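The values are calculated or read from the model by the stated rules, or taken from the named source; none is laboratory data. Given the structure is predicted, the values throughout are model-derived calculations rather than measurements. Positions of Cβ are generated from backbone atoms using ideal geometry, with glycine treated the same way; all protein chains shown enter the neighbour counts.
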Amino acid sequence: MAATADGNKSYFDPLVLARLSNLYLKARWVVEGMMSGIHRSRSKGFSVEFEEHREYSPGDEIRRIDWKALGKFDRYFIKETEDETNLRATLILDGSASMDYGSNGVTKFEYASILTASLAYLILKQQDAAGVATFSDKIDAFVPPRAKRGYVFEILRALEAHRPAGETNAGKILQEIAGKMHRRGLVILVSDLLDDTENVLNGLRLFRFSGHDVIVFHVMDTAEIDLPFDGNILFEDLELPDLRVTADPQTIREVYRGVVNEFIDHVRKECHAAMIDYQLVSTATPLDRALVSYLGWRA
Amino acid sequence: MSLFFLNPLYLFGLMAASLPVIIHLLNRRRIRRIRFPAVKFILLSQKRISRTKRLRHWLLLALRTAAIVVLVLLLARPIFQTGAGLFASGGPSSVALVLDNSLSMTWSRDGEGFKQAKDAAARLFASLGAGDRAALIPTNTGSKDPIRLKREKDVLLRDLEGVKIADGSADFGAALARAYDVLREPASGKEIWVVTDAALTDWDRFSLAALKQYDPAVPVKVIKVATKETPPNAAIREIRLRGQDVNVGLPTEIQAVITNFGATEIKDLVVQLRVDDQPKEQKLVALAPRGETEANFQFVLARPGSHTAAVTLKKDRLAGSTSEYFTLQAEDKIKVLVVDGDPQTSLVSSETFFLTRALNPEGGGASPFVPTVVIPEGFATAPLDSYQAVVLCNVPAIPDSALPRLKEFVRRGGGLLVFVGDRVQAEDYNRKLYDTSPSILPARLKDKRLVSASALEKIERIDLKHPALAAFSDPILADSLKSTRVAGYYRIDAAGAAPVVALGNGDALAVEKKFGTGRVVLVATAADRDWSDLPVKTAYLPLVQSLVSYLQGGKKGALETGVAVGEAKKFYLPAAYVGKNLKIVRPDQREREVALAADGDKAAAAFAENDFAGIYRVSAPLAPDAPAALAPVYPVNPPFLESRLDAISDAELAARLRPARATIVPVEEIAKGGSRSDLALPLLLVLILTLVSEGWLAQRFYG
């Protein structure tokens, strides 16, 4: 790991990660970087047992608290052994054309890919089963969850093979994927959710009805949130080229932000109602924070 | 009520007011294309943009545009005025007020024009604010005192009260130059006000651009006191002498040329002549529209010397200079001593019969010449100082006793005319009059030549440039003289001098010479019919009279119309007067003195304070050795065209004041009063308010 000059921050900087060509390296870099921050002693053979972390809850033994993790994340984590976990995680990556947008050097898809790969790497590293599905208006790739060693490369191959294109049809896709999953587990959706919101939520609710736990990583570009442009601009939709509009961002910015916030709030609120873990991440957000969200859920 | 700008050039900056709109339009045209995933949110946002929001956008654009407009207007210094814009409450002003007090103001508005002009000026002065200053500059003033801006209203009003109408034309060039000079010092709110009747004569010769120094940034306001309905308008263009002489005891004829400047006929115009303050004669004339007529007068002067006179026009409501002053210098009759060298018992046969008839044709007192005939013996004792000229006619020899007196007579300015004849002893003449040094006679008498009747000589050449023969420019007289046939004459040797009259064979018939201050003319033939038929020719009388007049100094009397008001009168005296002073009494009875300075071989002086029309009296100190040929009076008249009441048009007046910004207002506008306000402070407040509003709204809308 070559991230020493500016500390661990560079492990998670999306811009730095985007420059790495190998998705495995990216995922490993993120996860190892994060894990080394949590308990660096593990790599020195302190314990041969696999360890995972979960968030501290009342009743846990004080001695099992990982104090270094506390120093890094300002949260209490408990070290657990392998036999304490048994998870099948399916990572669903939105690969539609709308994900092929990035205003700060990293597209949403690149960010989402790294995030997905990192999650898969982490899950597999924790001896859990991980699989992945990519989709746009159809399921482009589906790698079912497995916990075997080296499975991560199959997942990463599926991710690397995908190029963002096509119109999102998340509602239908989620139903299809739900049909493929026979055992309950964890479903992680990484998407910009730019589809018919109710269809997406209905798809997510379907996972919940099937007994799955669901985490949604809502990936947004900062420009989508803030609309920082000046001058008169002809906006063309990435998925629907015929959808275009001329607007002065300065004039509509305030209202636009309101609309976006309403959308986010609505999704967040519906997810909460359906007991779906919702996490909004912008492409400027360091990836470890997203992973921490996962760890928080896992705890 | 009007709005004007002190710095109008800044108004070009108003074009900058379009900048926000142009920028807005350019921005609209310069559309960037961006591929964006969340277009649906933008669409939704646009739908939610309320009408109020759009209005806010336009409000900001309007505020920005307004800020630029207000800033530009502020820099251009707008002044709002009601009425003609008196300079009250308009901020500190520095005003030079030029008041036209030329003669034409006398007749503007039926005689009320000058009063209205002064009233207008008084109103302007009275409206002076605490920080205002003003200067009063009359167009016609004899004063050379420096003029300066004053704050004291009472002083300005007192100065104004003292301004009277002058008899001369208005020199707006000089007045405006003084105004710019007064305003040369740093001051704010500079303006020039001109109160005038806008007489075409005065303004026609003015051009601001021709001034050496002027400031086009100083606005000029003209208050016009022009005559609305032109009354009968006439003036005397010229007084001239009819006939040649002004002699005592002889009829003097003068002619007054009268011009009608108006477009209506003037009937029953009385033209009166006064000489030495006494009415002499009056005529009744009619003047066609824009026409001219003459009035002729004849009178007799009883004494020699200077006489004052005036021709006056009399008619109700007549506008224009009514009097034209002139002087007459009357000469006494010319006394001529005629010496008859061949007296006969029959007058007709005498040598001088034709000559005396030529000098005094009627034999009475109607001729300017008074010939006295004497025989040579009488010539020897005659008192020559009593005569202006001596004519020798066929006198055999010059009496020895008379010779010194004759020489002295000519040397001191007397005239000598010599006719020869069969009795003349050429040797005596040559010895006494030619061979002396200096010689009196213009030529040596050589031999007597008598020709036969079949070979008579003719007069061929006449020197028309000679002052004594100027009358022979008339072809009738010249032909008459050339028709003379000469049977006998003396060949003369003029030693190269050009003959005044010569025969066809080239022999000189008359030659002239200056001797001392006098002159001598030698005619190489007889004065009677013995040697030629000249005495019976038409040309004889004018020839004799012209020669005698010329020889006695050419003093014929004169009519002088003097100088125009404001012009300088020049005097020339003998050099002995250098360093002495001339005393001049003006028509207002004020005395002035002017020093005589050397000017070549003379003493010269120029008197410039001819400010009034009328008769000026001049006297010089006594200098016995050099008698001053100085007329004791001279006339000064208003400029003829100053009587013309035609007014210049507003457009032409404005053109003559270019490149200054000229405003022309009728005097009634001043009478109405008014006020003037500098809008700088209100505009500054509006600008601040606009900028604050824009900033606050922009922050609120988009911040």
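Going by the conditions given, is B:SER94 hydroxyl-bearing (Ser, Thr, Tyr), touching a strand residue (DSSP E or B) at 6+ places or on another chain (Cβ under 6 Å), over 20 Å from A:GLN250 (Cβ atoms) and modelled with pLDDT of 80 or more?
Taking the combined requirement at face value, the residue satisfies it.
Got at least one residue in the stretch B:527-535 being in a helix (DSSP H, G or I) and surrounded by fewer than 24 Cβ atoms within 10 Å (Cβ to Cβ)? It would help to see each step written out before you state the result.
The first filter runs over the stretch B:527-535 and keeps only residues in a helix (DSSP H, G or I), leaving B:534-535.
From the residues that got through so far, the ones that are surrounded by fewer than 24 Cβ atoms within 10 Å (Cβ to Cβ) too are B:535.
Looking for residues that are in a helix (DSSP H, G or I) and surrounded by fewer than 24 Cβ atoms within 10 Å (Cβ to Cβ), one finds at least one in the stretch B:527-535, hence yes.
Every residue in the stretch A:166-196 that is in contact with a strand residue (DSSP E or B) (Cβ under 9 Å, 6 or more places away or on another chain), surrounded by fewer than 24 Cβ atoms within 10 Å (Cβ to Cβ) and among the small types (Gly, Ala, Ser), please.
A:GLY166, A:ALA178, A:GLY185
Read through the list (1) touching a strand residue (DSSP E or B) at 6+ places or on another chain (Cβ under 8 Å); (2) outside the structural domain of B:LYS118 (by TED's automatic domain parsing), then give the number of the only condition that B:ALA226 fails.
So B:ALA226 meets the others, but not (2).
Go through the stretch B:288-321 residue by residue and tally those that are within 22 Å of the chain's Cα centre (by Cα), in contact (Cβ under 8 Å) with a residue 60 or more places away in the chain and under 24 Å from B:THR227 (Cα atoms).
Counting residues in the stretch B:288-321 that are within 22 Å of the chain's Cα centre (by Cα), in contact (Cβ under 8 Å) with a residue 60 or more places away in the chain and under 24 Å from B:THR227 (Cα atoms) gives 4.
So which pairs qualify, if the first residue must be in the stretch B:652-673 and assigned by TED's automatic domain parsing to the domain that holds B:ALA121, the second must be in a strand (DSSP E or B) and at pLDDT below 85, the Cβ gap must be under 9 Å, and the two must be at least 6 apart or on different chains?
Sorted first by the residue in the stretch B:652-673, then by its partner, the pairs are B:ARG661/B:PHE4; B:THR663/B:SER2; B:THR663/B:PHE4.
State whether one or more residues within the stretch B:461-469 are over 24 Å from B:PHE353 (Cα atoms) and assigned to a strand (DSSP E or B).
Residues of the stretch B:461-469 that are over 24 Å from B:PHE353 (Cα atoms), as a first pass: B:461-467.
From what is left, the residues that are assigned to a strand (DSSP E or B) are B:461-462.
Yes.
Report the residue count in the stretch A:102-139 for those that are assigned to a strand (DSSP E or B), of a type in the set (Val, Ile, Thr) and surrounded by 21 or more Cβ atoms within 10 Å (Cβ to Cβ). Quick ask: steps written out before the conclusion?
Residues of the stretch A:102-139 that are assigned to a strand (DSSP E or B), as a first pass: A:129-135, A:139.
Imposing the further condition that a residue be of a type in the set (Val, Ile, Thr) reduces the set to A:132, A:134, A:139.
If we keep only those that are surrounded by 21 or more Cβ atoms within 10 Å (Cβ to Cβ) too, we end up with A:132, A:134.
Selection size over the stretch A:102-139: 2.
Given the options B:LYS514, B:LYS448, name the one that is over 46 Å from the mean Cα position of the chain (by Cα) and of a type in the set (Lys, Arg). Talk me through it step by step, then tell me what you get.
On the way: B:LYS514 fails: over 46 Å from the mean Cα position of the chain (by Cα).
Every option except B:LYS448 fails the conditions.
Kindly provide the set of residues from the stretch B:323-356 that are under 30 Å from B:GLN255 (Cα atoms) and crowded, with 16+ Cβ neighbours inside 10 Å, ordered by number. Walk me through it before giving the result.
Taking the stretch B:323-356 as the starting set, the residues that turn out to be under 30 Å from B:GLN255 (Cα atoms) are B:323-335.
Hits for the stretch B:323-356 are B:SER323, B:GLU324, B:TYR325, B:PHE326, B:THR327, B:LEU328, B:GLN329, B:ALA330, B:GLU331, B:ASP332, B:LYS333, B:ILE334.
If you take the residues of the stretch A:144-165 that are hydrophobic (A, V, I, L, M, F, W, C) and part of a loop (DSSP other than H, G, I, E, B), which of them is surrounded by the most Cβ atoms within 10 Å (Cβ to Cβ)?
The initial filter retains those residues of the stretch A:144-165 that are hydrophobic (A, V, I, L, M, F, W, C), namely A:147, A:152-153, A:155-156, A:158-159, A:161, A:165.
Cutting the leftovers down to part of a loop (DSSP other than H, G, I, E, B) gives us A:147, A:165.
Values: A:ALA147: 18, A:ALA165: 15.
Of everything passing the filter in the stretch A:144-165, A:ALA147 is surrounded by the most Cβ atoms within 10 Å (Cβ to Cβ).
Restricting to the stretch A:249-258, name every residue that is more than 8 Å from chain B (Cβ to nearest Cβ) and under 23 Å from B:ARG30 (Cα atoms).
Passing the criteria: only A:PRO249.
Out of all the residues in the stretch B:131-140, is one or more part of a helix (DSSP H, G or I), at pLDDT 85 or above and of a type outside the set (S, T, N, Q)?
Of the stretch B:131-140, the ones part of a helix (DSSP H, G or I) are none.
So far as the stretch B:131-140 goes, no, none of its residues is part of a helix (DSSP H, G or I), at pLDDT 85 or above and of a type outside the set (S, T, N, Q).
Could you list, in sequence order, the residues of the stretch B:537-570 that are crowded, with 22+ Cβ neighbours inside 10 Å, of a type in the set (A, V, I, L, M) and under 30 Å from B:THR352 (Cα atoms)?
Across the stretch B:537-570, the qualifying residues are B:ALA539, B:LEU543, B:VAL544, B:LEU547, B:VAL548, B:LEU551.
Quick one: which of A:LEU227, A:LEU156 is touching a helix residue (DSSP H, G or I) at 6+ places or on another chain (Cβ under 8 Å) and within 16 Å of A:PHE142 (Cα to Cα)? Break it down into steps so the answer makes sense when it comes.
Working: A:LEU227 fails: within 16 Å of A:PHE142 (Cα to Cα).
A:LEU156 is the lone residue from the list that is touching a helix residue (DSSP H, G or I) at 6+ places or on another chain (Cβ under 8 Å) and within 16 Å of A:PHE142 (Cα to Cα).
Any chance you could count how many residues in the stretch A:225-243 are over 20 Å from A:ASN169 (Cα atoms) and facing chain B (nearest Cβ under 8 Å)? Show your work before the answer.
As a first pass, look at the stretch A:225-243 and keep what is over 20 Å from A:ASN169 (Cα atoms): A:225-235.
If we keep only those that are facing chain B (nearest Cβ under 8 Å) as well, we get A:227, A:229, A:231-235.
Number satisfying all stated conditions: 7.
One line per residue, one yes/no per condition, for (1) aliphatic (A, V, I, L, M); (2) within 28 Å of A:SER118 (Cα to Cα); (3) over 13 Å from the mean Cα position of the chain (by Cα); (4) within 8 Å of chain B (Cβ to nearest Cβ):
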residue	(1), (2), (3), (4)
A:GLY211	no, yes, yes, no
A:HIS218	no, yes, no, no
A:VAL260	yes, yes, yes, yes
A:ILE264	yes, yes, yes, no
A:ARG268	no, yes, yes, no
A:THR285	no, yes, no, no
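Please go through the stretch B:289-321 and pick out each residue that is surrounded by 17 or more Cβ atoms within 10 Å (Cβ to Cβ), in contact with a helix residue (DSSP H, G or I) (Cβ under 8 Å, 6 or more places away or on another chain) and part of a loop (DSSP other than H, G, I, E, B).
B:GLY320, B:SER321 - these are the residues of the stretch B:289-321 that are surrounded by 17 or more Cβ atoms within 10 Å (Cβ to Cβ), in contact with a helix residue (DSSP H, G or I) (Cβ under 8 Å, 6 or more places away or on another chain) and part of a loop (DSSP other than H, G, I, E, B).
Exactly one of (1) more than 30 Å from A:PRO241 (Cα to Cα); (2) modelled with pLDDT of 85 or more; (3) in contact with a Phe, Trp or Tyr (Cβ under 8 Å, 6 or more places away or on another chain) is unmet by A:ARG88. Its number?
(3)
Does any residue of the stretch B:266-276 turn out to be surrounded by fewer than 13 Cβ atoms within 10 Å (Cβ to Cβ) and touching a Ser or Thr at 6+ places or on another chain (Cβ under 9 Å)? Step through it out loud before you land on a result.
Step one: of the stretch B:266-276, the residues surrounded by fewer than 13 Cβ atoms within 10 Å (Cβ to Cβ) are B:267-268.
Applying the additional criterion that residues be touching a Ser or Thr at 6+ places or on another chain (Cβ under 9 Å) yields none.
No, every residue in the stretch B:266-276 fails to be surrounded by fewer than 13 Cβ atoms within 10 Å (Cβ to Cβ) and touching a Ser or Thr at 6+ places or on another chain (Cβ under 9 Å).
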